[in-house]
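The structure under discussion appears below in the form of structure tokens.
The values are calculated or read from the model by the stated rules, or taken from the named source; none is laboratory data. This structure is a prediction, so every number in the text was calculated from the model and none was measured. Methodologically, a virtual Cβ is constructed for each residue, glycine included, from the backbone with ideal geometry; neighbour enumeration extends over all protein chains shown.
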Amino acid sequence: MTKRLLAAALLLMASGGLLFAKKNKAKAAKDAQTEAVQTEAVQAEAAKTEAAQTETAPAAAAKTEAAKAETTPAPKAEVQQAPKAQAAQAEAARSGDVLSQAAKEAASRPDGESGEGEKVESVKRVGKDMAVHDGLVRMETARASGAVLFYVVNGKKIYPAVKTSEYGQSNYLSVFAGAKEWRLTKGGRCSYKYDVSANSIVETMLVKGVAQVTASYEIGKYRPGDKASNCVRVKVSVTNLAKEKTPLSLKAVYNLCLGENRRAHFSTPLNNAIGSEHVLIPSQKESWIISSDGQNAVEFVVYGKGVTAPKKAVMANKDVIDLATPITLFNPGNSFDSILSYNDSSLALFWDPVELDEGKSVSYSYIINFSDSDFQNSGQDARGFSEVPQKEDGKEEKPIDDNLLVDGQNAVERLDPEKTNFEYVQQLIDHINSLEQSDPSLNKAKIQQLQTEVDEVLKVLRRGK
């Protein structure tokens, strides 16, 4: 009996194994058939796609050639005179300013033709901004930051004379009411608007209850015999809007870039190779500052005829300049590097404060020259006399309507939004510790500047801004 049961069990197991093998074989055959069908479908789809691409290639090529032909500029037709532009330029020429000579010449030329014969638009819209171009000079508004940007025009190429990244926000004017600085940009409790004409940009900036500042940038010729317009005369008027007598002073900052590709970022009459932090006291012997790449150049005339000489001109790292106040100490010889910016130099001009009653104004002026070849004997005919700030006692100026201004918003004074965080505070503290460990006596001024910035950021963070 036992043998029979054992034989039956063995027979059952053998039949079960055979049945399982048959099922696996059938499943494998079915899977192979499905895979073959899918492969055949994929190959058919690929062949179809390749055929479509082959079929449409000539049409695509023809379309591309047509687009190229359509976008190829046609030969320029002769520019006709625009009566409105001609009238505006003629009116500017009658203003009596020496630098309006460019407008007189422009009025006699077809509208849009520069002094060098290159046909360009005198006033050109750049997105929401405006550009003014004449001779070697191009200026642009930068509404996103509140800056005015400058370029050297060299033939058909345009070279930035100042940093234009982030809408040129590292180029700005500041007004000091006592010891407090108000940066006249979108980032500092200021409203502003631009007025653009054929050869000038006028920007009006307002800090409510503090000051109204009007900056006029007019393109013209530096010397009467110059063939093309090659300079900008800057005139800045500061009006006291406070209800009491207030000392007001001006700071002008330009983040220059032409010299940053060379060992020497700047040159002056007495120092032709400035490669580190430098303080210049404007005088008859030190009347100009140049930033040049060896071909294109921009020159700031800080002493001479038609110039209100600043108390000092400072060449230093961008971040150091941003922290600078009228009483800030600088360390000649420090590099143009900082934690956040490498080889990044700026020029700052500082004027002495002037006590102003409510509604009274003080004005300043300086000249920016441009060259498409490095300057020779720069500023020689400008070394004559220095103007003092002109206080306009008889002038009562009402503040402009704030509704006419753009980008009026409250923000932290002198601090960019990305700097108001604890990570940036830690970076400042680490930098301070590094300077103290190296030589605190030599780095005393910079340590003090960094400590001041730490205090300012912490104040903002405590207010929850």
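Worth a mention:
- Yes/no for Phe350 being closer than 30 Å to Tyr424 by Cα, in contact with a strand residue (DSSP E or B) (Cβ under 8 Å, 6 or more places away or on another chain), modelled with pLDDT under 95 and among the hydrophobic types (A, V, I, L, M, F, W, C): no
- The single condition among (1) assigned to a helix (DSSP H, G or I); (2) over 14 Å from the mean Cα position of the chain (by Cα); (3) among the acidic types (Asp, Glu) that Glu181 does not satisfy is (1).
- Options Val232, Val202, Val238; residue that is buried (at least 24 other Cβ atoms within 10 Å of the Cβ), at pLDDT 95 or above and out of contact with any Phe, Trp or Tyr (no Cβ under 6 Å at 6 or more places or on another chain): Val238
- Single match in Ser145, Ser174 (criterion: assigned to a loop (DSSP other than H, G, I, E, B) and not β-branched (Val, Ile, Thr)): Ser145
- Residue in segment 275-294 that is touching a residue at least 40 places away in the same chain (Cβ under 8 Å), part of a loop (DSSP other than H, G, I, E, B) and within 27 Å of Lys180 (Cβ to Cβ) present: yes
- Residue count for segment 223-235, restricted to those that are farther than 14 Å from Val302 by Cα and not basic (Lys, Arg): 6
- Against the conditions (1) within 19 Å of the chain's Cα centre (by Cα); (2) outside any loop (DSSP other than H, G, I, E, B); (3) free of Cβ contacts under 8 Å to residues at least 12 places away in the same chain, Tyr342 satisfies every one except (2).
- Candidates Phe336, Phe300, filtered to the one that is buried (at least 21 other Cβ atoms within 10 Å of the Cβ), at negative phi, among the aromatic types (Phe, Trp, Tyr) and modelled with pLDDT under 90: Phe336
- Here Asp226 does not fit the description of being free of Cβ contacts under 8 Å to residues at least 12 places away in the same chain, surrounded by fewer than 20 Cβ atoms within 10 Å (Cβ to Cβ) and in a strand (DSSP E or B).
- Residues being crowded, with 20+ Cβ neighbours inside 10 Å and free of Cβ contacts under 8 Å to residues at least 24 places away in the same chain - total across segment 253-274: 1
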